[in-house]
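In what follows, a structure is listed as structure tokens, so that the remarks can point back to it.
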Amino acid sequence: MNGAKHWTVTIDIDERDPQTRAEATLERSGPVGTITGEGLARCSPTDGAIPQIGDEVAAARALSDLAHKLLEAASEDIQTSTHRPAHLWA
């Protein structure tokens, strides 16, 4: 278990007025694979058109979704190895 590991998160953003969609993908080293989170943002018709804000909101939501999925994966791994419930959300 010792040694450095390298995980990479890539965020892809797709803007289609009035909606922005972001996908945050975590690439983990080894056989554990990838986890992907998704986030959406919508521009209200009464808001000014500032695409950067939609990008930021959608990316933040995608990262939040990714974080929750990563915690779920860790919880499942703990339960599999200990055969007891894991509670990682405090």
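The values are calculated or read from the model by the stated rules, or taken from the named source; none is laboratory data. Values in this document were obtained by computation on a predicted structure and should not be read as measured data. Positions of Cβ are generated from backbone atoms using ideal geometry, with glycine treated the same way; all protein chains shown enter the neighbour counts. Accessible surface is based on the protein model in full, side chains and every heavy atom, while ligands, DNA and RNA are left aside. Shrake-Rupley method; radii C 1.70, N 1.55, O 1.52, S 1.80 Å.
Below, the figures for the structure above:
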quantity: Which label in (1) 30, 15, 10; (2) 22, 15, 11; (3) 33, 15, 9 gives the computed semi-axes √(5λ) of the Cα gyration tensor in Å; calculated: (3)
quantity: Cβ crowding within 10 Å averaged over residues, with 43-49, 62-68 ranked highest first; calculated: 62-68, 43-49
quantity: Rounded accessible area per residue of the range 1-87, 1.4 Å, Å²; calculated: 73 Å²
quantity: The chain - percent of accessible surface contributed by carbon and sulfur, probe 1.4 Å; calculated: 54 percent
quantity: V32 - accessible surface, heavy atoms, 1.4 Å probe, Å² rounded to 10; calculated: 80 Å²
quantity: Accessible-area order (highest first, 1.4 angstrom probe) of the listed residues D14, D77; calculated: D77, D14
